[in-house]
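Each remark here refers to the structure printed beneath this line.
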Amino acid sequence: IACRAHLGEVQASYDQIRALDSEVLVISFDSPEQVNVYRQSNDFPFPVLSDPERNSYQTLGIHRTSWKTMLKLDVMGRYLKLMICGWLPPSKIKMSDVYQLGGDVIVDAQCRLIYQFRSHDPSRRPAVCDLIKALRKIGT
């Protein structure tokens, strides 16, 4: 749910991101078939790729969490807030690894890591305004 909500926020700010001469690339750990279903269910203007072996996740130090983290009150509260805002679990899309954490990275034109956010629980993602601030720093 948090990942879908985050992608919705990124999509809403996509024009701002493109205006900063930047591009969004989404990498999922789901199978290529499941990613195709997800892309067909959403009208993303950016590419969504599949990395079922999670090589990119391992390289970036994005780990899995445990059921203990999932059951923390603050995590459940953030999920409840997202659901109240309309971000419900997908009905057409098979739920995959709910323990896999997410992350956001920004690399510059020389492929140097400029910004990295690694989720410490599955309900946290960076604010899109923070991503845009990091992109603006590249241009200065």
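Output the residue which, of all residues in the range 115-131 that are under 15 Å from Gly8 (Cα atoms) and modelled with pLDDT under 85, is most open to solvent (accessible area, probe 1.4 Å). This residue is Arg124. Checking each residue in the range 73-114 for being surrounded by 10 or more Cβ atoms within 10 Å (Cβ to Cβ), at pLDDT 75 or above and either among the basic types (Lys, Arg) or under 16 Å from the mean Cα position of the chain (by Cα) (or both) picks out Lys81, Asp97, Val98, Tyr99, Gln100, Leu101, Gly102, Gly103, Asp104, Val105, Ile106, Val107. Name the pairs whose Cβ atoms lie under 7 Å apart, with the first residue in the range 90-119 and within 29 Å of Leu135 (Cα to Cα) and among the small types (Gly, Ala, Ser), the second open to solvent by less than 90 Å² (accessible area, probe 1.4 Å) and modelled with pLDDT under 85, and 6 or more positions between them or separate chains? That search, which allows pairs on different chains as well, returns Gly102/Cys3.
Which of the residues spanning the range 9-19 are at pLDDT 90 or above and either assigned to a loop (DSSP other than H, G, I, E, B) or acidic (Asp, Glu) (or both)?
Kept after step one, since they are at pLDDT 90 or above, are these residues of the range 9-19: 10-19.
Selection gives Ser13, Asp15.
Counting only helices (runs of 4 or more DSSP H) that sit completely within the range 30-72, those holding 1 or more residues that are in contact (Cβ under 8 Å) with a residue 60 or more places away in the chain and surrounded by 14 or more Cβ atoms within 10 Å (Cβ to Cβ) correspond to 32-41.
The values are calculated or read from the model by the stated rules, or taken from the named source; none is laboratory data. These numbers come from a predicted model, not from an experiment. Glycine gets a Cβ as well: all are built from the backbone with ideal geometry, and neighbour counts include every protein chain shown. When the accessible area is computed, the model is the full protein with side chains, heavy atoms only, and any ligands, DNA or RNA have been set aside. Shrake-Rupley method; radii C 1.70, N 1.55, O 1.52, S 1.80 Å.
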